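Single-structure report; data block below.
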Amino acid sequence: MTITKLTRTDLAPDMEPYQALFAQADLSQPAPSLSGDLQPRLFYALEQLLCTPAVSSFMLVKAPEEPEYLQWLTAETRTLHEPTAPLYGVRYDVDGARVTLSPAQRAEDNFASTAPVVAADWV
């Protein structure tokens, strides 16, 4: 077994070839949207959900417990969604073993909202 002792300069990355790239002005500005590149499966699912008519367009996304990620995901989803109605969601009624589901009529209905994209963080 050979033991090689590394110096501090051996462990530091050689950044000289990348200095010109780091100095470019356009890289310092955020891209318009990297969503599809960063989370392709998630954003494909969001596009399918938002463009396909459904009784209730509801998606539960499991994400890391980081407020910044949740805020970013909410903002990106809002850019994908073009609101068409002032009221979103459904109303369900339970009568014994019978459950009926209908589009929401008022904001007070079960699972109704006046916002098209809502985010919540809970543990």
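Overview of results
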{"item": "Selection status of Leu46, at pLDDT 75 or above, within 20 Å of Ser113 (Cβ to Cβ) and touching a helix residue (DSSP H, G or I) at 6+ places or on another chain (Cβ under 8 Å)", "result": "yes"}
{"item": "Among (1) modelled with pLDDT of 75 or more; (2) part of a helix (DSSP H, G or I), the one test that Leu27 misses", "result": "(1)"}
{"item": "Residue within segment 54-67 that is outside any loop (DSSP other than H, G, I, E, B), at pLDDT 75 or above and not basic (Lys, Arg) present", "result": "yes"}
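The values are calculated or read from the model by the stated rules, or taken from the named source; none is laboratory data. Computed from a prediction, not measured in an experiment: that's the story for all the values here. Every residue, glycine among them, receives a Cβ derived from its backbone with ideal geometry; neighbour counts consider all protein chains shown.
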